[in-house]
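Here the structure comes first, spelled out in structure tokens, and everything after it is commentary.
The values are calculated or read from the model by the stated rules, or taken from the named source; none is laboratory data. Since the structure is predicted, the reported quantities are computational estimates derived from the model, not experimental observations. Methodologically, a virtual Cβ is constructed for each residue, glycine included, from the backbone with ideal geometry; neighbour enumeration extends over all protein chains shown. What goes into the accessible areas is simple: the full protein's heavy atoms, side chains included, and nothing from ligands, DNA or RNA. Shrake-Rupley method; radii C 1.70, N 1.55, O 1.52, S 1.80 Å.
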Amino acid sequence: QVQLVESGGGLVLARDSLRLSCAASGRTVSSSAMAWFRQAPGKERDFVAAISRNGIIKYADSGKGRFAISRDNAKNTVYLQMDSLKPEDTAVYYCARDPDPWRVGTDSYHYDSWGQGTQVTVSS
């Protein structure tokens, strides 16, 4: 069992940057596949970015060139750096763990542990 706690969300202006953090306990992020998803009001939960145990990374088209997923093994934390934010990036952002450490899954059903989410609001 792993516990995930997101932080770093907030209210920012368009073109600003934010770095989200996901602190894990119970299992190490270095031995896991981790991902970020987001959910806007009235919409489904969408894939944002994922990183496998061996460092394979995948991004949704919406974040390519603007978002970067990374991890700090010493801090057992996964990050999502978000630059050039747009109003359409407004959503609750969730961190998740995939029980298959070698997969970079883009579907939420691949993930069995989720954080509580952190709100990101981008104002124009």
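Laid out as a table, the results:
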{"item": "Nitroxide proxy distance, nm - points 7 Å out along Cα→Cβ at LYS43 and ALA14", "result": "1.5"}
{"item": "In Hz, Karplus ³J(HN,Hα) per residue of the range 15-24 (6.51, -1.76, 1.60; θ = phi - 60°; x = Gly, Pro)", "result": "6, 6, 10, 9, 10, 8, 10, 9, 8, 10"}
{"item": "Residues whose placed amide H lies under 5 Å from that of ASP16, excluding near-sequence neighbours", "result": "LEU85"}
{"item": "J(HN,Hα) series, the range 41-51, from Karplus relation 6.51 cos²θ - 1.76 cosθ + 1.60, nearest Hz, glycine and proline x", "result": "x, x, 10, 6, 6, 10, 5, 10, 6, 8, 9"}
{"item": "P(r) histogram, all alpha-carbon pairs of the range 14-71 included - 10 Å bins from 0, percent", "result": "20, 49, 27, 4"}
{"item": "Two-site FRET efficiency, SER84 against SER7, from Cβ-Cβ distance with R₀ of 22 Å, rounded to 0.05", "result": "0.55"}
{"item": "Largest-first ordering by accessible area, 1.4 Å probe, given options ILE51, ILE57", "result": "ILE57, ILE51"}
{"item": "Where trypsin sites (Lys or Arg not before Pro) in DSSP loops with at most 13 other Cβ within 10 Å are excluded, longest remaining stretch of the chain", "result": "76-124"}
{"item": "Three-way shape label, the range 66-108, alpha-carbon gyration tensor, a/c 1.5", "result": "oblate"}
{"item": "Hydrodynamic radius by Kirkwood, which averages 1/r over all alpha carbon pairs of the chain, in angstrom", "result": "14.1"}
{"item": "Lysine pair count for the chain [Cα-Cα under 21 Å; pairs on different chains or 8 or more apart]", "result": "4"}
{"item": "Estimated vicinal HN-Hα couplings, Hz - the range 111-124 in sequence order (Karplus 6.51, -1.76, 1.60; Gly, Pro = x)", "result": "10, 10, 10, 9, x, 7, x, 9, 7, 10, 10, 10, 9, 8"}
